[in-house]
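Asks: The structure that follows is given in the form of C-alpha cells.
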Ligand SMILES: Nc1ncnc2c1ncn2[C@@H]1O[C@H](COP(=O)(O)OP(=O)(O)O)[C@@H](O)[C@H]1O
Ligand SMILES: [Mg+2]
C-alpha cells in the first residue's frame, strides 16, 4: 500500500483520483459539470422555479452516463441557491410507503419530533402555571404515565391542526404519537411505516394525506422555501430481473402520480433519474405521467473537450508538487481511445483508474501516453459487451 502511495507520488499524484467503483461522485471537493451541461440544467431548473406547474424534472441517461453525479450536483450546487432543502433517495422502492419510510429515517425521528415540538411549544402546549420552559428531553421525561401521554397527544393534535399541518383525526393522532413516543424509541423502524402494523405511525388508507402532512412538516421545520426529492435509480423498475408484477407496477405508477400531485400542490420538487428503458417503460405504463414532467434532460455524450475537462478536474484534485493539467498523462492521451469509451463518464473514469494504478505499479515515468490508456481500455472492455 505504502509502496503504491509512493509510486503515485512519483507520478505527481497524492492518490489515484479516479473512483474505482465508477458509480456516484467519488471524492471531489466540489462537484462540477461540463459547461454546456451546467448551462442547460441551470436554465431548466430556473424555468421550473418560475413555473406554476409541476416542479418535476427527469434526468435521463444510460448506465454510467452521469445521472447520480448530476443529481448530487443539483443537490449540492443548485438547490441551496433557491433555498430548497433536498432529500436524496437512492434506489427507492416502488411503494409509496417506502418513500415515507426512507424520508423519515433520513431526517431521523428524534430530530423531527424535537423540531416539531419546538415549533408547537410553548404556545399551545405549555401549562400556564409552569414557570420554566421545558427542554424537549425534559418534556418527554415528564410523560411518565399513560394519562400524561394521552393528555400530551391531545394537546399536540390540537396544535398540529391549528398550525395547518393536518386535518384528519387519525393522522393528527399518529403524528402526535410520533412525538410523544420518541422517548421510548428515538429512532424509526421500518414497521413504523407499514400501514397495517400494530404500532404503525402511519394512517391506514390515508397515505396521500399523511405524506402531505410529512412534506408540510419538513418544509416548516427546515426553514426552507421548499423541499426537493431527488430519486436516483427510479430507473431500476425497468431493469430485467426487476420486472414489475402487476401490483408493483400499479404501485409504481400511483407513487409517481402522487409525488407529482404533491409537486403541484406543495412547494415540492421532484427530480428523478432514469435510464431510457425506464423512461420508456413508464410511458408504457402511463403515458399521461410522462407528460407531467416539466423538463426532461437527456444527458449528452461527452465530447472530446468535456472528456479532457472531466479527467483534468479529477487529476487536479490529487496533483502535488505544483503539477497541473493532464500530468502525469500526456496532453493528447485521450485521443487514442475509442469514441464509445471516451464519451461515457463511467468508462472513461474506469480506464483512467486502471491506467493510473497500472503505471504506479509498474513504476512508469511520465508522461503516460495514449498507448497505456489503450491498453487499459482493451483489458477492461475488450469483450465490448461490458457496460
Ligand atoms: N461531471 C462529472 N465529473 C466527474 N466525474 C463524473 C462526472 N459525471 C460522472 N462522473 C463519473 O462517472 C462515473 C459514472 O457516473 P454516475 O453518475 O455514477 O453514472 P450513472 O448514475 O448514470 O450510472 C462515476 O465514477 C462518476 O464519478
Ligand atoms: Mg447512478
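Asks: Under a crude label model (7 Å from the Cα following the beta-carbon direction), how far is residue 76 from residue 5 in nanometres?
Replies: Using points 7 Å along Cα→Cβ, the separation is 2.3 nm.
Asks: Mind pulling the per residue volume of the convex hull built on the Cα atoms of the chain? Å³ is fine. Intermediate values should be presented prior to the final figure.
Replies: Numbers: hull volume 69.8 nm³, N = 387.
Convex hull volume per residue, Cα atoms: 180 Å³.
Asks: Sorted by mean Cβ packing within 10 Å, highest first, what order do the peptides 57-67, 111-121 take?
Replies: Details: 57-67: 21.5, 111-121: 19.0.
Those peptides, ordered most packed to least, come out 57-67, 111-121.
Asks: Express the Stokes-Einstein translational diffusion coefficient of the range 1-87 in µm² s⁻¹, to the nearest whole number, given a Kirkwood radius over alpha-carbon pairs, 4 °C and a viscosity of 1.567 mPa s. Spell out each step's value before the answer.
Replies: On the way: Rh = 15.4 Å.
D, rounded to a whole number, is 84 µm²/s.
Asks: Still on this structure, I have one more. Per residue of the chain, what 222 nm ellipticity follows from adding -39500 (n - 2.57) for every DSSP H run with n ≥ 4, rounded to the nearest 500?
Replies: Details: 16 runs with 190 residues, N = 387.
Estimated from H runs of four or more residues: -15000 deg cm²/dmol.
Asks: Modelled label-to-label distance, residue 135 and residue 246, 7 Å Cα→beta-carbon offset: nm?
Replies: That separation, rounded to one decimal, is 5.7 nm.
Asks: Would you mind checking the tilt of helix 35-50 against the longest principal axis of the Cα atoms of the chain, expressed as 0 to 90 degrees and rounded to 10?
Replies: It works out to around 20 degrees.
Asks: How long is the gain from residue 257 to residue 320 if the chain were fully straight, where each residue apart is worth 0.36 nm and the alpha carbon distance is subtracted? Intermediate results must be reported in sequence, preceding the final value.
Replies: Working: separation 63, 0.36 × 63 = 22.68 nm, distance 5.03 nm.
So the extension gain works out to 17.6 nm.
Asks: Right, next: What distance in nm lies between label points placed 7 Å from Cα along the C-beta direction at residue 170 and residue 338?
Replies: It is 5.6 nm.
Asks: By how many degrees, 0 to 90 and rounded to 10, does the Cα axis of helix 207-222 deviate from the longest principal axis of the chain?
Replies: 80
Asks: Taking R0 as 25 Å, what FRET efficiency do you get between residue 365 and residue 21 from their Cβ-Cβ distance, rounded to the nearest 0.05? Walk me through the numbers on the way to the answer.
Replies: On the way: r = 29 Å, r/R0 = 1.14.
With R0 = 25 Å, the Cβ-Cβ based efficiency is 0.30.
Read-outs: derived from the displayed coordinates by stated rules, not from any lab. Just so it is clear, the model here is predicted, and its values are computed rather than measured. Using ideal geometry, Cβ is built from the backbone for each residue, glycine included, and neighbour counts are taken over all protein chains shown.
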